[in-house]
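The values are calculated or read from the model by the stated rules, or taken from the named source; none is laboratory data. Note that the structure is predicted; figures quoted are calculated from it, not measured. Virtual Cβ from ideal backbone geometry, glycine too; neighbours counted across all protein chains shown. Each accessible area value is taken on the protein alone, full model and side chains, heavy atoms only, with ligands, DNA and RNA left out. Shrake-Rupley method; radii C 1.70, N 1.55, O 1.52, S 1.80 Å.
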Amino acid sequence: MKILLESQGVIMTTYSFKCKDIGMECGFETSAESMDSLMPKIAKHASEAHQITTIPEDLKQKVTAAIKTQ
């Protein structure tokens, strides 16, 4: 979601991720204003819900490719 702050002429981008977009049978969805804020949320969910404590490179690439910007 792009947010336009009319008085400042600034457009903010939102980054979002859904677990189902990488083939997981999981309803987890999250979003953040930056990739740096989004990735820790995804990593925490992977650890807590899927017991994935170390994200392999191939999974990291899938996750990154599934992140949408708005």
Residues of segment 38-70 satisfying the condition of being open to solvent by 60 Å² or more (accessible area, probe 1.4 Å) and part of a helix (DSSP H, G or I): P40, K41, K44, E48, E57, D58, K60, Q61, K62, T64, A65
Being surrounded by 10 or more Cβ atoms within 10 Å (Cβ to Cβ) and assigned to a loop (DSSP other than H, G, I, E, B) is the filter; apply it to segment 3-28 and report the residue that is modelled with the lowest pLDDT. T13
